[in-house]
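For reference, the structure discussed in these notes is given below.
The values are calculated or read from the model by the stated rules, or taken from the named source; none is laboratory data. Every value quoted in this text rests on a predicted model; they were computed, and no experiment measured them. Glycine also receives a Cβ, built like all others from the backbone with ideal geometry; neighbour counts cover every protein chain displayed. Accessible surface is based on the protein model in full, side chains and every heavy atom, while ligands, DNA and RNA are left aside. Shrake-Rupley method; radii C 1.70, N 1.55, O 1.52, S 1.80 Å.
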Amino acid sequence: MKTFIIYLITASISYVATIPPGPLSVYVVHSTLQKNIKIALWVAFGGILCESTYAYLAIEGLMIFEKYPEIEYWMQRAIIVLLFGVGIFTFFQKPSNIEYEKVSLNKPFFSFIKGISLSLFNPALLPFWVVVLLSYGKYDWLKITSPIEKISFVLGAGTGTFLLVYTYAFLANWKRNLIFKYLNDERLNKLIACIFIGLALLQLVNLFVRD
């Protein structure tokens, strides 16, 4: 039961966190509109692989923290700085005009690689999942202690991202003008920026409470 709860909550967090459109979801929309959903899903699978990998690295990172408290001390502070930096950069970032981006990939393999490349260099993924895991550690019914719970967490992270990206692809097929208006909305950058800054503030408060 605990394993399923971890999976369900992680998938829900991943879904909600992916709502503000990033490079992966934007490219999936373009692939759907200019090629087909099959190609778009291969792009999504590549991105999901990266998301799941970062979730797994976050778990292993926490294991290292338990063995070496001094690493945890500095990493927690570095994560706060990184989250603040990403949040502030995103807040002032202007949405690019994505309507005219061209998709030239037609083969599943290259689309899969494109999806990996779009998520691989996202600096916020690893600290985001580290913060989530640190929050899980405060509750016995969410604290990850076994291999099967690790797998559940990683699968939940990938599932949430896939479901949201698939939602974008579905909407792109159904309402082209609506989806482009949504993706170009400048307020979405502000939303995701506030999420990252909020996570940074939460970690900062936790540090002060602990000290």
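Return a yes/no flag: does segment 62-71 have any residue that is buried (at least 17 other Cβ atoms within 10 Å of the Cβ) and over 27 Å from L201 (Cβ atoms).
no
Among the residues that make up segment 130-138, is at least one of them modelled with pLDDT under 80 and either aromatic (F, W, Y) or within 16 Å of F45 (Cβ to Cβ) (or both)?
Within segment 130-138 (the criterion being modelled with pLDDT under 80 and either aromatic (F, W, Y) or within 16 Å of F45 (Cβ to Cβ) (or both)), the answer is no, since none of the residues qualifies.
With respect to A55, is the statement that it is farther than 15 Å from L120 by Cα, crowded, with 18+ Cβ neighbours inside 10 Å and touching a residue at least 24 places away in the same chain (Cβ under 8 Å) true?
For A55, the condition - farther than 15 Å from L120 by Cα, crowded, with 18+ Cβ neighbours inside 10 Å and touching a residue at least 24 places away in the same chain (Cβ under 8 Å) - is not met.
Return the only residue of I148, I197, I179 being at pLDDT 85 or above and part of a helix (DSSP H, G or I).
I148
Any idea which residue in segment 78-118 is least open to solvent (accessible area, probe 1.4 Å), counting only those that are at pLDDT below 75 and polar (S, T, N, Q)?
Looking at residues that are at pLDDT below 75 and polar (S, T, N, Q), I get T90.
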